[in-house]
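See structure below.
Nothing in this text is a laboratory measurement; each read-out follows from the coordinates by a stated rule. No experiment lies behind these values; they were computed from the predicted model shown. Ideal geometry is used to build each Cβ from the backbone, glycine not excepted, and the neighbour counts take in all protein chains shown.
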């Protein structure tokens, strides 16, 4: 199964994806981490590099899916084209894809999280609040029905809600 955690910057995607991956023994792949590596290698910070990061994560996800692993990806996924990357990846590996959309917390909390977050990236720039709001305004509608979760909820609560919806048993094993 391919699980794709989506949402605006600073909603908690990476935190949730990492915690869920640990809980169920999945592979966690982050588009931002791959993009940072690509920039570190000398690629220009531009739209094409961002798309290439999605494709590189898609290739790594496919390899792991073909090995029978559950993969959890975290990325903004604000366009249908970005989401198509994951549909295509799952299709090539003949597995299901499930989208999770983390809804932003209240504006003040969201803004505080954005200002306070410290990620270990040397090349991916943190967006400004104005850039996050512009991305919110341009976020394309979903044609898939994502599992919507509040970014304000504690991570453990989010995982408890996701486990049965994704078909995981109490120990993280996929249910038959």
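Descending by average beta-carbon neighbour count within 10 Å, the peptides 9-22, 110-123 line up as 9-22, 110-123, the highest first.
Remark: relative contact order (the chain) = 34 percent; criterion is Cα-Cα distance under 8 angstrom and separation of 6 or more residues. The slack in the chain from residue 144 to residue 48, taken as 0.36 nm per residue of separation less the alpha-carbon distance, amounts to 32.1 nm. In terms of its alpha-carbon gyration tensor, the chain comes out oblate; a/c meets the 1.5 threshold, while b/c is at least as large as a/b.
Working ranking of peptides 78-84, 50-56, 95-101 by packing, defined as the average number of other Cβ atoms within 10 Å per residue, highest first, is 95-101, 50-56, 78-84. At full extension, residue 108 and residue 88 could sit 3.5 nm farther apart than now, given 0.36 nm per residue minus the alpha carbon distance. Taking label points 7 Å from Cα along the Cα-to-Cβ direction, residue 96 and residue 125 give a separation of 4.1 nm. Extension gain, residue 117-residue 15: 0.36 nm per intervening residue step, less the Cα-Cα distance, totals 35.6 nm.
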